[in-house]
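Below is one structure, written out as structure tokens, with a few remarks after it.
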Amino acid sequence: DEDRPTFANAWNWVDAFLQCEHGADSELYLALRQALMARRAVVLLDGIDEGGKAREKIEQHVARVLAPQGHVMLVTSRPAGLKAKLFAEFHLLRLRPLTEAQQEQMVRQRVASPLCNDLIEYMGDNAPLDTSGLRATGNPLMLSMYISLFISRGGAMPENLAELYKMASKAMLDRVDRKERGAAAAGSSALSLESLLQTIFFEAHVAEERIIDEEQLLSAALGMHDPTRLKAVRVETAALPHYEGPLVEGHIVEVTSDKEELPFKGRRGRLDKFGSLHVRVYFPDGTKTGLLKADGVKSSGLDQDAYDQYLVSSKQSRVSLLRGACSTLPDDLSDALGAVRERVA
């Protein structure tokens with residue numbers, strides 16, 4: 001949020017990013033800005049389909065602002081994530097999968113003979129096929145995963161795909177962790193890192209969130225260490241604001257009745273009044289209650305816009321409390337959290 005004015009006032013978002021990254025008065029920023037203005041810089045945007053909630057705005061900015069300004073750009077995306085119509089003026093290039101000959105060559109470069117022949121045979125017999133009918137090892141990352149696992153296990157490979165993926169993902173995590181933080185630090189937190197990632201993905205799945213943010217990272221770590229404290233933080237920051245006034249149509253309310261309206265208890269939505277004794281609540285997903293007694297709901301005293309602002313404020317408070325709570329994590333879990341935050345948050 002603190003960078004919003006910079007992005008709002010810059011001549012494009014690349015310029016804004018450079019200001020935020022290097023400082024508007026730095027010599028490096030001024031040199032890069034000059035290169036941009038002279039159209040002598042190549043702008044690389046890797047994974048434009050991974051912009052999360054801001055994806056559409058980013059795509060529109062690239063196609064409607066950066067391209068008309070005349071910048072030379074290399075933009076990458078998964079084929080399924082590309083909006084062809086929006087980027088119709090761009091030159092389209094497709095990276096083809098590795099051929100079987102290229103896969104074999106890569107294996108022979110990294111695995112000594114005669115073991116390389118064993119891996120080539122294993123891949124031919126066991127590598128799954130993708131949607132186009134080609135071996136998944138045509139993807140360089142997937143092939144590298146096979147090779148790394150084969151080397152680390154001395155040529156012994158699992159018999160089923162599920163076990164293969166489990167071993168491979170752990171091997172790749174360990175390798176990245178060792179490379180970035182050293183063998184000693186990585187060894188002490190390898191198990192914590194794997195457990196933390198599993199918990200993070202579970203948190204995201206339960207919340208039906210595709211975007212993983214700092215709150216989910218902190219919640220997962222604290223939940224592993226002190227679930228009681230995590231629950232207390234959530235209860236403290238999830239309550240409706242105190243309000244004792246009358247029910248007002250359009251305000252956001254929470255269903256509190258524990259009788260026939262049980263399926264809706266705890267859910268929040270927009271209030272619609274029916275006289276002075278009954279109400280109906282409309283939820284964001286399009287569902288609604290039947291007629292409820294007026295004393296079966298609790299009002300926030302806020303309309304939708306004010307309630308949305310309240311949620312933002314509550315989230316900020318929750319993240320602040322989670323940060324404080326996570327300062328007491330055990331060293332191995334704290335190291336694992338730090339490693340994940342470097343890549344995600």
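Going by the structure shown, is Arg280 of a type in the set (Lys, Arg), within 30 Å of Ala221 (Cα to Cα) and either out of contact with any Cys (no Cβ under 8 Å at 6 or more places or on another chain) or assigned by TED's automatic domain parsing to the domain that holds Leu196 (or both)? No: the conditions fail for Arg280.
Looking across the stretch 274-311, the residues that are hydroxyl-bearing (Ser, Thr, Tyr) and surrounded by 12 or more Cβ atoms within 10 Å (Cβ to Cβ) come down to Tyr282, Thr287, Thr289, Ser299, Ser300, Tyr307, Tyr310. Filtered by the rule that a residue be surrounded by 14 or more Cβ atoms within 10 Å (Cβ to Cβ) and in contact with a Gly (Cβ under 9 Å, 6 or more places away or on another chain), the stretch 242-257 gives Tyr243, Val248, His251, Ile252, Val253, Glu254, Val255, Thr256, Ser257. The residues of the stretch 264-283 that are under 15 Å from His251 (Cα atoms) and among the hydrophobic types (A, V, I, L, M, F, W, C), listed by number, are Leu271, Phe274, Val279, Val281, Phe283. When the stretch 67-103 is filtered for residues that are part of a loop (DSSP other than H, G, I, E, B) and small (Gly, Ala, Ser), the ones remaining, listed by number, are Ala67, Gly70, Ser77, Ala84, Ala88. When you scan the stretch 323-332, do you find a residue that is acidic (Asp, Glu) and more than 17 Å from the chain's Cα centre (by Cα), even just one? Yes: the stretch 323-332 contains one or more residues that are acidic (Asp, Glu) and more than 17 Å from the chain's Cα centre (by Cα). In summary, Thr287 fulfils each of the numbered conditions (1) under 29 Å from Leu218 (Cα atoms); (2) under 32 Å from the mean Cα position of the chain (by Cα) with the single exception of condition (1). The residue that is farthest from Asp308 (Cα to Cα), counting only those in the stretch 227-282 that are modelled with pLDDT under 90 and of a type in the set (Ser, Thr, Tyr), is Ser276.
The values are calculated or read from the model by the stated rules, or taken from the named source; none is laboratory data. Since we're looking at a predicted model, the values are computed, not measured. We place every Cβ from the backbone using ideal geometry, glycine too, and count neighbours over all the protein chains shown.
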